[in-house]
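What follows is one structure encoded as structure tokens, with my remarks underneath.
Read-outs: derived from the displayed coordinates by stated rules, not from any lab. Worth saying up front: this structure is predicted, and the values here are computed from it rather than measured. Cβ sites come from the backbone with ideal geometry, for glycine too, and all protein chains shown count toward neighbours.
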Amino acid sequence: MKHDGGNPRQGGEGAQLSPESTAIHTPKHFHLHLVSDASGETLTTMAKAALVQLSGAKPNRHMHPLVRNPKQLATVMQQIEASPGIVLYTLMNPNLCEALETRCADLGVPCVAVLKPVIQAFESYLKMPARAIVAGQHTLDAEYFRRIEAMNFTLSHDDSQLTEDLEKADIVLIGASRTSKTPTSIYLAHRGYKTANVSLVPNIPPPPNLQGLKGPFVVGLIASPERVSEIRRNRMLSLNSSKFDNYIDADLIKEEMTFTKKLCLQNRWQVVDVTRKSIEETAASIISLYEERRR
């Protein structure tokens, strides 16, 4: 009997992956240089957003913050020369920009000014020139101090603390244990929203002033019982605790979720299911609801 060695299309032993499928499963390691005259936060966020779309990309990140003079840039360019790769930058000094782009062109590596097309779009539409302000996004203005105030408020009102002055909050998150209330609150505070969070437990009355709130936007967070049970179980393991069986019981957790939903329904509060959401997605949903309420 003749043996044909396997049909590549059927995935037999003799099958060979196409170049496309090989590229998907083979990690692409490369150097990524992020050059900024500020903290580099903008570059980090934009690079992360791009890399999410390239599942096989494995960058070796080189962070170069606070690059503000030729000497500092010369050091950066030496490192780029030693480890060539993609260069993303946010520099406001035109002389530094030109020097960096020229050197990258000589090395044959891509060099992208990530804010340039955005700034140009604003300039064109508004018919006004942009000013080159180094680290302008970190100016100590009213917005900056609003975020600091929000963070201080949120940290002092975490996990049912200081519930007597919930009325001072912009947003109040309620929900059972391990429904992402604390990390979501902190993220919202970073965006400038004074956020308090209150834990709900069935058969235990919530803070007496919660249902009478007039100003704050109250949101109930829920999640699937199975997901919450898993998170709580991992929490108990990290504490080397085998107690609190009721704490991880999926049926009892279901009652906790029902309690949150009923309370929100009674008070016409919004409910957000965080089961399949990241903290950023949960916060984005809450902000959207909050802004819609203000309109």
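Observations on the structure shown:
- Amide H contacts under 5 Å for Ser160, placed H, 5+ residues apart: Asn197, Val198, Ser199
- Helix-only mean residue ellipticity at 222 nm for the chain, each DSSP H run of n ≥ 4 adding -39500 (n - 2.57), per residue, nearest 500: -14000 deg cm²/dmol
- Per-peptide average of other Cβ atoms within 10 Å, ordering 173-179, 101-107 highest first: 173-179, 101-107
- Which label in [x] 26.0, 85; [y] 20.5, 70; [z] 18.5, 67 gives the computed Rg and Dmax of the Cα atoms in Å: [x]
- At a Cβ-Cβ separation cutoff of 4.7 angstrom, cysteine residues of the chain with no neighbouring cysteine are Cys97, Cys264.
- Gyration tensor verdict on the stretch 94-208 (Cα atoms; rounded if a/c is under 1.5, prolate if a/b is larger than b/c, oblate otherwise): prolate
- The stretch 168-237 and the stretch 87-131: distance between their alpha carbon centers, rounded to Å: 43 Å
- Extended-chain gain in nm, criterion 0.36 nm per residue less alpha-carbon gap, Ser177 and Phe244: 22.8 nm
- DSSP finds beta bridges in the chain, and of those with both partners inside it, around 5 percent are antiparallel.
- Measuring r between the beta carbons of Gln120 and Ser288 and using R0 = 41 Å, the FRET efficiency lands at 0.90.
- When you restrict to C-alpha pairs under 8 Å that are six or more residues apart and normalise by the size of the stretch 33-160, the relative contact order lands at 26 percent.
- Think of each Lys and Arg Cβ as +1 and each Asp and Glu Cβ as -1; about the Cα centre, that makes the dipole of the chain roughly 220 debye.
- Residue pairs exceeding 31 angstrom between C-alpha atoms, taken from Lys194/Lys277; Lys48/Lys168; Lys194/Lys262; Lys168/Lys262: Lys48/Lys168.
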